[in-house]
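All remarks here apply to the structure that follows.
None of the figures in this text is laboratory data; all of them are computed from the coordinates on show. In this text the structure is predicted, and so the values were computed from the model without any measurement. Note that we place each Cβ from the backbone using ideal geometry, even for glycine, and neighbour counts take in every protein chain shown.
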Amino acid sequence: MTDHNTERTHGAAEPGRIPDSGKGVGLYKSRIIGTGSHLPEKLLTNADLEKMVDTSDAWITERTGIRYRHLAAEGQATSDLAFVAATRALEAAGLEAADLDMILFCTVTPDQPMPSAACMLQKKLGARQVMSFDLSAACSGFVYGLTVANQFIRTGMSKNILVVGAEILHRLVNYKDRETCILFGDGAGAVILSRAEPGQSSGILAEHMFADGNLGDLIMLPAGGSAIPFSQRVLDENLQYVRMKGREIFKNAVRTMVQGCQDAIGTAGLDIGEIDWLIPHQANIRILEAVAKYLGIPNEKVVVNIGDTGNTSAATLPIALDEAVRDGRIRRGQNVLLTAFGAGLTSGSVMLRY
Ligand code: UT7
């Protein structure tokens, strides 16, 4: 087998081309040793939305593939959902919270601006006082998080890292805006990324991360930060809600994910036919199918759960991964390609051997 840790293949960025992040260098390899997820019980169906905005079940199903989304209960915060997913991932890994040496929480909906959701989760899990922080890359959060965690394992700094993607998006959505309110849901997914033992074939083979701040206005939430702090004006102008240019995002999403995937597959030294599973960010069924089609990956190899979850931002990938691992679709030794895009505009693809 090729040793994927020995050479660096940093591609120089050609004009108009997404730069290649390469395989990186490291002493160790990291592998996922446990997954977990959690979707809150309460459902928001397309029929419910028909009563709230001018839309229809037929339109939503046909244009997005979504049938329902899960909503966190009143009083529940993002770290509460993450706690359940993380506990399940630890259990699957056969580890205790005390075994963790880092907690990386990918989210754009932390419980509050500070302290971080990662610190809230550390407390809830009863973990040791290890480095814990939030990572904000919107829907690309989880692949960004996995990439950051991978570097700490490669260098030998960390051995067992909890990477969580969790969101409560329904509280940031305007239920009078039919373009956004039909899309988003709540949920959490988690993995334990650990140092691989010598000789183990599974691991992260290649990563490709990308961001283009020039496209920041395609999807954004104007208020609540230092630029527009909370005030009566925020409420009067609905600045506390997500705003989106759906069609523009659609085009950019397909483009960046396809390019990112191609680069990650190439860097890993694989052919498209060697990909066992593609797990794309669950944003819209038509986006998922377009990405698979451009890559030449048949739909049977694409993990899709958007119908039952909606878009849960940083949580979609770890939830879909966990479901496919637990129901036996994804097995050890298979090549799994994760890809996402989100506000920023960010995008990221991770090629791993499970
Ligand atoms: O993680 C990143 C988050 N964001 C995304 O992933 C968004 C990506 N974009 C999309 O998923 C799609 O662009 C949407 C689902 C948001 C919209 O679907 P579309 O097929 O791109 O629709 P469109 O914007 O081209 O609009 C077509 C029509 C318009 O009506 P007119 O102008 O043709 O009369 C819209 O007003 O559909 C209308 N429309 C709706 N109709 C019923 C837009 N939203 C709805 C709705 N129900 N919910």
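Within region 122-188, which trypsin sites (Lys or Arg not before Pro) sit in a loop by DSSP and count at most 14 neighbouring Cβ atoms inside 10 Å?
For trypsin sites (Lys or Arg not before Pro) across region 122-188 that sit outside H, G, I, E and B with at most 14 neighbouring Cβ atoms in 10 Å, the list reads 128, 176.
From the square roots a ≥ b ≥ c of the eigenvalues of the alpha-carbon gyration tensor of region 14-168, which class results: rounded (a/c under 1.5), prolate (a/b over b/c), or oblate?
Taking the square roots of the gyration eigenvalues as a ≥ b ≥ c, region 14-168 is oblate.
Considering only DSSP beta bridges whose two residues both sit in region 213-354, what percent are antiparallel, to the nearest 5?
Percentage antiparallel, nearest 5: 65.
Counting other Cβ atoms within 10 Å, which trypsin sites (Lys or Arg not before Pro) in region 263-349 have at most 16 and lie in a DSSP loop?
329, 331, 332
Specify whether the C-alpha gyration tensor of region 293-342 places it in the rounded, prolate or oblate class, a ≥ b ≥ c being the square roots of the eigenvalues: rounded for a/c under 1.5, otherwise prolate if a/b is larger than b/c and oblate if not.
oblate
When ranked by the protection proxy of mean other Cβ atoms within 10 Å per residue, highest first, what sequence do the peptides 209-215, 67-73, 37-43 form?
Descending packing order for the listed peptides: 67-73, 37-43, 209-215.
Calculate how many DSSP beta bridges within the chain are antiparallel, expressed in % of all such bridges and rounded to the nearest 5.
75 percent
Would you please state the base-10 log of I(q)/I(0) at q = 0.11 1/Å for the chain, with intensities from the Debye formula using one equal scatterer on every alpha carbon?
-0.68
Name the shape class, rounded, prolate or oblate, that the alpha-carbon gyration tensor gives for region 165-286, where a ≥ b ≥ c are the square roots of its eigenvalues, rounded holds for a/c under 1.5, and otherwise prolate holds if a/b is larger than b/c and oblate otherwise.
Since a/c reaches 1.5 and a/b is larger than b/c, the shape of region 165-286 is classed as prolate.
In terms of Cα to Cα distance under 25 Å, which lysines are near enough to residue 29, apart from those fewer than 8 places away along the same chain?
Within the straight-line cut-off, residue 29 pairs with 159.
Counting other Cβ atoms within 10 Å, which GluC sites (Glu not before Pro) in region 72-140 have at most 16 and lie in a DSSP loop?
On the way: sites: 74, 91, 96; in loops: 74, 96.
The qualifying sites are 74, 96.
Starting from the Cα of residue 217, step 7 Å along the direction of its Cβ; do the same at residue 155; then give the gap between the two resulting points in nm.
3.8 nm
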